[in-house]
Amino acid sequence: MLVSSRNPLNIGAAARAMSNFGFSRLRVVNPYEKAFRAARSAVGAAELLSSAEEYGSVADAVADCTLVVGTTAVRHREVQHPLRRLEYGARLIRKHMTSGPVALLFGSERYGLSKDDLSYCHWLIRIPTREQHISMNLGQAVAVCMYELIRNSRATGTAEKQALATAGDIARITPVLADLLSTSSYMLPQRAADTEQRIRRMVRRLKLSTRDVEAWLGILRHVQWRMRSGKKKAE
């Protein structure tokens, strides 16, 4: 999944790398250049590029995924997610692919993934480049990650017994919990955006099943109803 990519040649190179290693579903979120589907760099992957799915937000793009992994070169930014080296992260992704769809996010060439983009991720991976030159070309980074994902691909784990919740299912919890925190005066209006991002990250780390999501929504909505009923009686 390519988020806010600026150079259509990089999108084409990413599509070519995906085709090289047997991955066929490319999603793009707010590409800077709308003519990316005609990129000449997608040698042998024109069909994959033409069928790329386009989204207006990361939330919509990852809604059907049960695991969302972001990529980062780290630099001097503060990381608030578990951060894993590519070789270890790839093993976890391969294992998870047996139980549900996985999204691997790559940010824009200039800024990488934004703080808000990262809030939709369960955890992050990094390619172990040398400290003096940590950034990579987008197409090359995709190729390295795709290779690592198929390397030793026979060593995948077994499917989990319970179906994991998709990102779309999990996203239903955030507004309900945010509303509760706001009603209880825990969440200050001026900190609402940061608090919602923190909630989103926390919920994703729980690895909830579809059944868990429904249970938590039931609990939170009941508490929400009780709080509102109590407020009306007080008035």
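Data overview
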quantity	calculated
Residue check for residue 79: in a strand (DSSP E or B) and either of a type in the set (D, E, K, R) or in the same structural domain as residue 25 (by TED's automatic domain parsing) (or both)	no
In region 36-72, the residues that are among the hydroxyl-bearing types (Ser, Thr, Tyr) and under 19 Å from residue 10 (Cα atoms)	41, 50, 51, 55, 71, 72
Residue list for region 94-127, restricted to those being touching a residue at least 40 places away in the same chain (Cβ under 8 Å), among the β-branched types (Val, Ile, Thr), surrounded by fewer than 22 Cβ atoms within 10 Å (Cβ to Cβ) and in contact with a helix residue (DSSP H, G or I) (Cβ under 6 Å, 6 or more places away or on another chain)	127
Those helices (runs of 4 or more DSSP H) lying entirely in region 167-228 with at least 2 residues surrounded by 14 or more Cβ atoms within 10 Å (Cβ to Cβ) and more than 15 Å from the chain's Cα centre (by Cα)	173-183, 192-204
Residue satisfying all of: in region 19-38; part of a loop (DSSP other than H, G, I, E, B) and free of Cβ contacts under 8 Å to residues at least 60 places away in the same chain; farthest from residue 52 (Cα to Cα) among these	33
Scan of region 23-64 for residues that are polar (S, T, N, Q) and closer than 25 Å to residue 121 by Cα, ordered by number	24, 30, 51, 57
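Yes/no matrix, rows are residues, columns are (1) among the aromatic types (Phe, Trp, Tyr); (2) surrounded by fewer than 22 Cβ atoms within 10 Å (Cβ to Cβ):
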site	(1), (2)
8	no, yes
13	no, no
19	no, yes
23	yes, yes
47	no, yes
57	no, yes
61	no, no
71	no, no
89	no, no
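The values are calculated or read from the model by the stated rules, or taken from the named source; none is laboratory data. Computed from a prediction, not measured in an experiment: that's the story for all the values here. Note that we place each Cβ from the backbone using ideal geometry, even for glycine, and neighbour counts take in every protein chain shown.
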